[in-house]
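To start, the structure itself, in structure tokens.
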Amino acid sequence: MGRTSLTVPAEPYDFVFEPSGCALLIIDMQRDFLEPGGFGEMLGNDVSLLRSTIEPNRMLLDAWRTAGLPVIHTREGHRPDLADLSAAKRTRGRGPATIGDPGPMGRILVRGEAGHDIIPELYPIGGEPVIDKPGKGAFYQTDLDLVLRNRGIDTLFVCGVTTEVCVNTTVREANDRGYRCVVIADGCASYFPEFHEMGLKMIKAQGGIFGFVSASEPVLAALAGSL
Ligand code: C5J
């Protein structure tokens, strides 16, 4: 794909971008957060709220792959020895089980366990980096910034879960590092719909204080027009 500028309707205003500098960043679409019988559901959450993101994200993933543009996946989780898990994070939830404990799909949020992995519908293919992150933000204690800079990426189309936690944290981190972010509203979700709404509002408020918000359909249409 050449260096042709595309425009996509977005809030707070239309977003102009060059596809060659854009990555699709898919945040934490992990089995434990999204699948019935996983950790998220065990905590009493309605995972169907998150599963609505699968189809739009699958279509975006297909479009990015077809266009030959970079795709990056992230997973939240920890080393099996939990050496990278702070006491604060481990003890804070006070739920029936916490990170590192046995869960319905293996040890909760531990790398290598079934529940920690990405859902099959969006599974990475060769050449798509998977960033394993111990925190909520995808830049914290990872090589994401290096991966992006090495590929000349300055713009991120961001989707995944959850809107107000890992998506929001990552967009704020990216903004401070000089990346332009477009959050895909129907590609993100929360167990708490009002947090999803507010999470998006916080990003696009004040002239786009952290970034832009668009949706899968206009982004897919913009990309299709450029193929
Ligand atoms: C993510 C979380 N991925 N909600 N984690 O948002 O704890």
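The values are calculated or read from the model by the stated rules, or taken from the named source; none is laboratory data. Worth saying up front: this structure is predicted, and the values here are computed from it rather than measured. Counting neighbours? That spans all protein chains shown, and the Cβs are built from the backbone with ideal geometry, glycine included. Just so you know, the surface numbers come from the protein's heavy atoms only, side chains and all, with ligands and any DNA or RNA stripped out. Shrake-Rupley method; radii C 1.70, N 1.55, O 1.52, S 1.80 Å.
Antiparallel as a % of all DSSP beta bridges within the chain, to the nearest 5?
20
Return the distance in nm (one decimal) between the two label points of a simple spin-label model at Asp145 and Phe192, each offset 7 Å from Cα along Cα→Cβ.
That separation, rounded to one decimal, is 3.0 nm.
I need the calculated FRET efficiency for the pair Val130 and Ala205, taking r as the beta carbon distance and R₀ as 30 Å, to the nearest 0.05.
Calculated value: 0.40.
Please work out the Cα center distance from the range 1-50 to the range 137-163, rounded to the nearest Å.
12
Taking just the alpha carbons, could you work out the radius of gyration and Dmax for the chain, both in angstroms?
Rg and Dmax of the chain, Cα atoms, are 16.9, 52 Å.
With viscosity set to 0.692 mPa s and temperature to 37 °C, compute the Stokes-Einstein D of the range 145-225, Rh being the Kirkwood radius across alpha carbon pairs; µm²/s, no decimals.
It comes out at roughly 254 µm²/s.
Residue-wise, which Karplus ³J(HN,Hα) couplings in Hz belong to the range 159-165, taking 6.51 cos²θ - 1.76 cosθ + 1.60, θ = phi - 60°, and x for glycine or proline?
9, x, 9, 9, 4, 8, 9
At most 14 other C-beta atoms within 10 Å and a DSSP loop state: those are the exposed chymotrypsin sites (Phe, Trp or Tyr not before Pro) I care about. Give me the longest piece of the chain that has none.
14-139
In the range 30-164, what percentage of the DSSP-assigned beta bridges are antiparallel, given to the nearest 5?
35
If you line up the long axis of helix 193-208 against the longest principal axis of the chain, both from Cα atoms, how many degrees apart are they, to the nearest 10?
The angle comes out near 40 degrees.
With +1 on each Lys and Arg Cβ and -1 on each Asp and Glu Cβ, how big is the dipole of the chain about its Cα centre, in debye rounded to the nearest 20?
The dipole of the chain has a size of about 500 debye.
Quickly estimate the mean residue ellipticity at 222 nm for the chain, helices only: each DSSP H run with n ≥ 4 gives -39500 (n - 2.57), and the total goes over all residues, rounded to 500.
It lands at -9000 deg cm²/dmol.
Give the angle, between 0 and 90 degrees and rounded to the nearest 10, that separates the Cα long axis of helix 54-67 from the longest principal axis of the Cα atoms of the chain.
For helix 54-67, the angle is close to 50 degrees.
How big is the range 12-103 by Rg and Dmax over its Cα atoms, in Å?
Cα only, the range 12-103: 17.1, 47 Å (Rg, Dmax).
So how long is each side of the range 67-200 along the principal axes, counting just the alpha-carbon atoms, biggest first, in Å?
42, 35, 29
Which is the longest part of the chain that has none of the trypsin sites (Lys or Arg not before Pro) sitting in a DSSP loop with at most 10 other Cβ atoms within 10 Å?
So the longest stretch without any such site is 95-227.
Modelled label-to-label distance, Asp14 and Arg90, 7 Å Cα→beta-carbon offset: nm?
5.3
So for the chain, averaging the separation of alpha carbon pairs under 8 Å that are six or more residues apart and normalising by length, what relative contact order in percent results?
In percent, rounded to a whole number, it is 27.
With axes computed from alpha carbons, what is the tilt in degrees of helix 216-226 against the longest principal axis of the chain, rounded to the nearest 10 within 0 to 90?
40
How long are the semi-axes of the ellipsoid equivalent to the range 71-145, from square roots of 5 times the Cα gyration tensor eigenvalues, in whole Å, largest first?
22, 16, 9
What does the accessible area per residue of the range 61-133 come to in Å², with a 1.4 Å probe and no ligands, DNA or RNA counted?
46
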